[in-house]
1. May I ask you to work out the translational diffusion coefficient for the protein assembly as shown at 20 °C, viscosity 1.002 mPa s, via Stokes-Einstein with Rh from the Kirkwood sum over Cα pairs, reported in whole µm²/s?
2. Quick one: order B:Phe82, B:Phe19 from most to least accessible surface, probe 1.4 Å.
3. Provide the per-residue ³J(HN,Hα) series for segment B:86-100, in order, calculated from phi with Karplus coefficients 6.51, -1.76, 1.60 and θ = phi - 60°, each as a whole number of Hz, with x at glycine and proline positions.
4. Please give me, ordered by residue number, the GluC sites (Glu not before Pro) of segment B:20-108 that lie in loop per DSSP and have at most 12 other Cβ atoms within 10 Å.
5. For chain A, take the alpha-carbon Rg, divide it by the Kirkwood Rh, and send me Rg/Rh.
6. Given an 8 Å cut-off on Cα distances and at least 6 residues of separation, report the relative contact order of chain B as a percent.
7. How many Å² of accessible area per residue for chain A, probe 1.4 Å?
8. Among the lysines, which fall within straight-line cross-link reach of A:Lys66, defined as a Cα-Cα distance under 17 Å, with same-chain neighbours fewer than 8 residues apart omitted?
There are 2 protein chains.
Amino acid sequence: MTTTHIDNVNVATKANVYFDGKCVSHSFTEADGSKKSIGVILPATLTFNTGAPEIMECVAGSCEYKLDGTNVWVKSSEGEKFSVPGNSKFQIRVTEGFEAYHYICSFV
Amino acid sequence: MTTTHIDNVNVATKANVYFDGKCVSHSFTEADGSKKSIGVILPATLTFNTGAPEIMECVAGSCEYKLDGTNVWVKSSEGEKFSVPGNSKFQIRVTEGFEAYHYICSFV
């Protein structure tokens, strides 16, 4: 099921702009103190580095991702999640002409 | 004073992407029911149409704006606000090489 809204959060008003705007997110803190972000990735192939392990949940559109050390691109669509190990990296690609990838990023 | 965070909101997880990503925002509802959005405008000159009157508050970076029916570009920087009449339009420009314009948009 897709998480369309999240209630009772404290949101940072300044956006995080990465890769010349190909990825834009806003950070927020949930009532229980957990830190997350909501964001969007426009058509591009981008490499992200992780500190803490992350869970990426797709809330609209889709992407393909490739974890470090693998050669497999895996599709992630609305309502689906994938996990990324800490101190690692992963690639996300969104194909030109397709809808952007909208996500919630949680740190675990 | 700059509004860096807003507490106790219900945020929509899917971004609003306008003008091929030159403007990206996330909508949210405050505890009192007021509807707003936080967003960012990358270097570009964009024209927006209003339904309800809007207040644009700059939370980082800066822009110049021009209201419909005027010939004057006015600068708006961090901590500053400007109002736009309803059923109108306005232009925003962010100069290439400058920081993006980060804003809170309130409907009044």
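The values are calculated or read from the model by the stated rules, or taken from the named source; none is laboratory data. Note that this is a predicted model, so its numbers are computed, not measured. So basically every Cβ, Gly included, is an ideal-geometry build from the backbone, and we count neighbours across all protein chains shown. Remember, those area values only see protein heavy atoms, side chains included, never the ligands or the DNA or RNA. Shrake-Rupley method; radii C 1.70, N 1.55, O 1.52, S 1.80 Å.
1. 119
2. So, going from the largest accessible area down, we get B:Phe19, B:Phe82.
3. For segment B:86-100, the Karplus-derived couplings read x, 6, 9, 8, 8, 10, 10, 10, 10, 6, 3, x, 9, 5, 4 Hz, x marking Gly and Pro.
4. Filter output for segment B:20-108: B:Glu96.
5. 0.94
6. 31
7. 49
8. List returned: A:Lys75, A:Lys81, A:Lys89.
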